[in-house]
Structure formats: C-alpha cells, structure tokens
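Quick notes on the structure that follows.
The values are calculated or read from the model by the stated rules, or taken from the named source; none is laboratory data. Because the structure is predicted, anything quoted here is derived from the model rather than measured. Note that we place each Cβ from the backbone using ideal geometry, even for glycine, and neighbour counts take in every protein chain shown.
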C-alpha cells in the first residue's frame, strides 16, 4: 500500500464511530436501564427530558457504524450480521421500543407506565444484545469462504452473556453519571448513591472480561502478553486503575460533571483494550481488515465525504448539546 | 432446497413488511418537514399568529411520525446485512458509499437539529430556530436523494465492473453511479409523492375540522394550503409518472409489460387494459376492459407502434404479473382521484366556496389516506417489478439472501410483526388523537410534554401583550 492506507483509515473511522456511539447512546440507554428506580412523576420526567433532545443524534452513530461497515468492509458486514442474527434483531427491536417511548409517554398519560416499561425493556434488551454481540464477535465466528457457516445459536456462550451483563452495568453507570451532571435534588442524590456501587460492579466486570479474553484465542494472548508488547498493553490496566481512583474520589467530593468524564475514560480504555485484542482483524482470527476491505475507489469516495462531513457533524452536535446545557427540570429545558 | 426457498421467502416477507411500515413515515416526514418550514417562514415574514399556531399543531404530529421513522429506519440499515448478506457483500462496494453519504449528510443533519426544532425555540430565538427547521427539512430531502439513488442503481445498474470475487465495484466514476438512468425520474416522482401524501393528510385534517366548525381559522388555512398543493402537484405528478414509466420501458421493459398486463406481444399497436384479472397460467388477462392501441399511444406516442410482451422474456426472468398489475392500477387510480380533488378545490375557490362545500370536505377527508396507499402501491410496483433480481438483470434475489435457517427468520418475522403492530399501531392512534383536536387560536403544547414554552418564557410574554393569535411555536 502506497504510504496512505485507506483501509487503516477506514478502520479508524469506524472504530471512532463505535466509540462515539457507545459513549453517547451509552448514557441514554443507561438512563433507560435505571428508569424503574426513579420515582414516578417529576424524577422520571426529568431523567427523560435530559436526553430527549439528543438521543436521536446519539443513535445515528450506530447507523454510521453499520453503514460505514457495509461501505468500507462489505465482507465483514456480510459475515458478522447473519452470524449474530438473534442479538442484532433483538437490539433493533429494543431500540424501536425505547425510541418511540420518548414521544409516546407524553402523548398518552393514561398508559404512561406502560411506555415507561417499554423504555426500560427496550433499553435493557438493546444494551444486553450489544454486549452479547461484542462478546460473540470477540470469541470467534465460523466462516467458510465468504459467508458465515455456523448455526443460529453459535453466539450464545457464557462469555457473550458475561459481556452482555458487563455492558448493562457500564451503560447504567454512564446514565447515572449523566444524571448527576444534569439534575439536582433528590434525583441527583439517588444517582450519587448508585454511582459508587455501579462503579465497583463495572470494575469487577472489566476485570473478569479482561482476564477471560486472552484465553479465547491464542492470538489475543500474544497480542496482550508477549514481550515487548506487554510493556505497552500493561499501561491499559494501569490507566484503568488510576481513572477508577479519580472516579471514586470525584464521587466522594460530590463533584457534578467530572464523574461522567471519568466514566467515559473507563469506557474509552475498555474500547482501546478491545482494539488491542482485535487489531488488525475485523473478524477475529478469520478475516483481516485488508481482506474485508472495499476497493480503493469506494473507500476514497467515502473518505472525501467523511473528511468534510464528520467535523461539521461534530460541530453542530456540540452546538445542540450547548443549547441544552445546564440543569434540566421536570418540565423541560428553560 | 425447499428449506432454502422457505428461508428466502420468509426473508422477503420480512423485508417487505419492515420497509413498507418504514416507508409510510418518511413519506410523511419529508412532506411535513417542508410544510413546517413554509409555515415558520411565513410566520417570520408576516408575523401572523395563524402560521405559528399551525406550526405548533403540526410539530406535535411531526415529532411522533419522526420518532417512528427513525426507529423503523435503523432496522432497515441493518437488515441488508442480517438477511441479505450475499447482496451486501457483492453490492456493498457500490451502494455502501451512497448509504454512508446518506448517514453523513442527512441523518446527522436531521437528528442534530431535531432537538432544537422540538425543544429549542426559547433557547435560540426565532431566526435560529427557523434555521433548525430548515436543516431538518433539507435533511429529509437529502436522505431521499441518497437512498433513492441506491434503489435506482439496483433497478438500473451502471458504472460497475465485477471483480475476481464476484463483487460489483465502481468502474466509471461515481457521478454515473449516483445519477444512474432511472434515478432522476424516481427521485422527483417519489418526492412529489411525499408532498402529495402530506397535502392529502393535512387536507383531510383541515376538512374534518371545517365540517365541525367552518370558521376555525387554523382549519381554513391548512385546508386551503393543502388544496393548493393538491391542485398544483397532482398534475405535475401525473406528468412525472408518465416520464418515469417511459424511462422504465427503456430500461426495464419486463416491468412495464407486467404493469400493463401484456403477456403477448402486439406488433400493430397494444391495447391499454384498464381492468381485468391477470391469469398467469394461461398467459392472458381475463375479463379485460381495454382501449385498443391506447397503450402504444401512451408508451410510444404512436397508435400503431409495436410493443413486445412477456412472451419475449424468458420465464425465469419475469416478474409476478398479478401484484404489479394491481398495485400499478391502485397508484394510478388514486393519482387521478387526487387530480379530481385538486380541480374541484380550484372550482370551489373560484366560486369563493372553498370553506363552504361540505361534499368537497367529505371527499377530502375520504382521500386522507390516499397518499399513503398510493406511495405503497407505487413502491410495490417498482420493487416487485424488479423481481426476480435484486440488482436488475445481474443478481438474482434467490442468490442474495443470508445463510440463515428458516426457523430463525420465521422467529424474527413474528417478532417484527408483533412489535410493529403494537408500537406503530399505538403511534397511529396517537396521531389520530392529535389530529382530532382542532387547531386552537393559542395552540398549546401538551401537559408535561418536553415541548414547553409557557410560563416564564419570552413566548408567553409576547402573548400577554398581544391580542393577536401570535404565539411562538
């Protein structure tokens, strides 16, 4: 490849979309997960209002991840999605249920409890399915030729269930920290009390997944633990420990915005860890990014669009967040 | 093989089901978003309260429709891979970038400004809010642009080569691929259809309230605006549909043969079959009512021009005639009914009776769903007419599907049917509830809804000192 390898750039762009998606939709899915714990009435309305203006934009990064994968790595898209059929369909249906709840709960006060339930159920299903998807991809997929060759339950293993639960904890933590930042009063105090426990749970989950991962594939073991690479990879658990310490300290100091950013840091590090395991494969152990790549012309055409549009998207997304900055009340933004 | 056929047919049913549901929502949001932009623009220009009230009225409906469009759309973006993975692998290098452009230039634009449009009027002011509305409206159009380019490429593929692993790869520059031969026609035809769909939905809501209270200024205004759209766009659409049909005749003659019910070739002028029952077993249309040579006149602009029939197409390459034949007639019939309403409204307007003729209002009410039905019928015509191919003439539907077991697809189909009927059924009920309330002089936002601008906001201050019906959207 002549100096500038578009395949690597596109792998980077899709990884970027996934990271943005996970942290942005992560906190609004997390609010859905925690929702039944909030008092019916102003607290629930506040929690919902804190994400109502932004959830749709957050979810668009998922569409970019999927659409980008189809465009830049069509073979990976064509193998991964049928392999993970059940969890992907479950995720889509979960997103349907929770997405409409944002509008419907206001339109039908008589059945608001049902739409609140749909919001939670949809958020839990979508999150769990995403975690399972991640775990199933990491543990390996049966491939023959250019197609998935396993059965329709191959994704279901203790490891994929573990990653499903881990993501539930992680998103709940993000949602919790978002509400600490965006609310005040009783709801905020409630979220402070959850944030500590969820933090401990998340660290346990990260530890278990991290310990299990190197034993899934021989390649993961070498990527993580072979000398001298281990000198670099060891920094990831170290940084995780430092950020965890800062996270808990910010909670005990009752800081409002910082816990959210430390939580994002923990997610970022987990995703870097995922990158270390997978790189340079797109389907671990089976298909590399170069094998799955679309032709140069396709990647170049899209790169022009991405290079122009992504900065613009980030700018107006930041503006939309800025418009709705500050604490939110139960009757919307003032 | 039988097992495999079952899995493919289930996947087709699932795709048809989910895309049909999905398509109803963007067909409506493309239109309402533009309508909202016009209303807010008129409000900014004239400062007349009736426009602000109508904006608020339709914004509530838009929010519900948009939410349903978004969630049903995410399903579509993944279903190419889950159920049509071989198609995705092969066509991905060509259609993938176009869909990525849709996400980058349309979805983010809509989603990014939607929050401000719904909740932000008191935070950003009238002018910037109008920019947000415009951004959402333009986003819906850009979205239609890219996805219809993809669809059109599947109908009339150009600018590709086939590489050594059997993928379609771009070979002649992206301009040719994006502007493939059927795309300009399909784009204009579909966007006009979205406008007509909205015009008749808005017109029906206006008519419903006029039948109850002919003096309601909001109802009068929305009905009048909708009828202008009907009168202007319906004839344009019929003209455009004819051009689209001629384009299809050039590139996909088998589809037109199925639309026309022409099993046989007609060397000296083909008849226009108005009605009849296609009988594919005997290769003829039973009980046909036909106008001799009229089909040649429409399609070739010559009474005696020869027209080939399905007898010139190999059996394995023919689309199913019955569905295409009927869906085409439903679409065309509704199109002419729309034209009729448009002309009737012009006549009423010229007599200054637009708000006074209850039969016109009843007819407009009855035509409320016509756009949705016509859009679906048109979609069925073009998509079923493309069969048995996904990429026309090049990749068969039977060779496009994912390697899934039939029980897996059956289970997901069942889940989609259950969830969609419950969720979107409820959503449609809410739309009717919103539309059943008359537009009020000081159009409120619902209690507890996040769209709040009453209370201590500037909009309320404007309202207190102003006995016009002006109020911020």
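One residue alone among B:444, B:439 is more than 30 Å from residue A:90 (Cβ to Cβ), at pLDDT 50 or above and either within 23 Å of the chain's Cα centre (by Cα) or buried (at least 18 other Cβ atoms within 10 Å of the Cβ) (or both), and that residue is B:439. Can you tell me which residue is surrounded by the fewest Cβ atoms within 10 Å (Cβ to Cβ) among those in segment B:154-178 that are assigned to a strand (DSSP E or B) and either within 11 Å of chain A (Cβ to nearest Cβ) or in contact with a helix residue (DSSP H, G or I) (Cβ under 8 Å, 6 or more places away or on another chain) (or both)? The selected residue is B:161.
Please specify each residue of segment A:116-127 satisfying the condition of being touching a helix residue (DSSP H, G or I) at 6+ places or on another chain (Cβ under 7 Å) and surrounded by fewer than 23 Cβ atoms within 10 Å (Cβ to Cβ). If the condition is that a residue be touching a helix residue (DSSP H, G or I) at 6+ places or on another chain (Cβ under 7 Å) and surrounded by fewer than 23 Cβ atoms within 10 Å (Cβ to Cβ), then A:116, A:120, A:121, A:124, A:125 are the ones that fit. Entry remark, segment A:143-155: residues being more than 9 Å from chain B (Cβ to nearest Cβ) and surrounded by 14 or more Cβ atoms within 10 Å (Cβ to Cβ) number 4 in total. Residue count for segment A:190-217 under the criterion of being crowded, with 21+ Cβ neighbours inside 10 Å and under 15 Å from residue A:175 (Cα atoms): the result is 5. Hey, does segment B:41-56 have a residue that's in the same structural domain as residue B:401 (by TED's automatic domain parsing) and closer than 22 Å to residue A:105 by Cβ? The answer is yes; a qualifying residue exists. When each of A:94, A:26, A:30 is tested for being within 23 Å of residue B:413 (Cβ to Cβ), more than 9 Å from every other protein chain (Cβ to nearest Cβ) and either buried (at least 22 other Cβ atoms within 10 Å of the Cβ) or in contact (Cβ under 8 Å) with a residue 24 or more places away in the chain (or both), the lone residue that passes is A:94.
Residues that are facing chain B (nearest Cβ under 9 Å) and not in a helix (DSSP H, G or I) within segment A:292-324 comprise A:294, A:295, A:324, listed in sequence order. Every listed requirement among (1) within 14 Å of chain A (Cβ to nearest Cβ); (2) in contact (Cβ under 8 Å) with a residue 40 or more places away in the chain; (3) not in a helix (DSSP H, G or I) is met by residue B:181 save one, (1). When segment B:110-131 is examined, which residues are found to be within 7 Å of another protein chain (Cβ to nearest Cβ), in contact (Cβ under 8 Å) with a residue 12 or more places away in the chain, over 15 Å from residue B:62 (Cα atoms) and in a helix (DSSP H, G or I)? Of everything in segment B:110-131, just one residue is within 7 Å of another protein chain (Cβ to nearest Cβ), in contact (Cβ under 8 Å) with a residue 12 or more places away in the chain, over 15 Å from residue B:62 (Cα atoms) and in a helix (DSSP H, G or I), namely B:112. Every condition in (1) surrounded by 17 or more Cβ atoms within 10 Å (Cβ to Cβ); (2) over 30 Å from residue A:216 (Cβ atoms) holds for residue A:282 except the one numbered (2).
Hey, does segment A:64-84 have a residue that's at the interface with chain B (Cβ under 7 Å from one of its Cβ atoms), within 22 Å of the chain's Cα centre (by Cα), part of a helix (DSSP H, G or I) and over 21 Å from residue A:17 (Cα atoms)? Yes, the conditions are met somewhere in segment A:64-84. Just a yes or no: is a residue in segment B:299-321 at pLDDT 90 or above, closer than 28 Å to residue B:196 by Cα and touching a strand residue (DSSP E or B) at 6+ places or on another chain (Cβ under 8 Å)? Yes: one or more hits. Figure legend. Inter-residue proximity from segment B:400-411: first residues within 8 Å of chain A (Cβ to nearest Cβ) and over 15 Å from residue A:153 (Cβ atoms), second residues in a helix (DSSP H, G or I) and at pLDDT 85 or above, beta-carbon distance below 7 Å, spacing 6+ or different chains. Indicated pairs: B:402/A:82; B:402/B:82; B:402/B:83; B:402/B:85; B:402/B:86. Take residue B:103 and decide whether it is within 7 Å of chain A (Cβ to nearest Cβ), in contact with a helix residue (DSSP H, G or I) (Cβ under 8 Å, 6 or more places away or on another chain) and either buried (at least 24 other Cβ atoms within 10 Å of the Cβ) or farther than 14 Å from residue A:54 by Cα (or both). Spelling it out, residue B:103 is indeed within 7 Å of chain A (Cβ to nearest Cβ), in contact with a helix residue (DSSP H, G or I) (Cβ under 8 Å, 6 or more places away or on another chain) and either buried (at least 24 other Cβ atoms within 10 Å of the Cβ) or farther than 14 Å from residue A:54 by Cα (or both).
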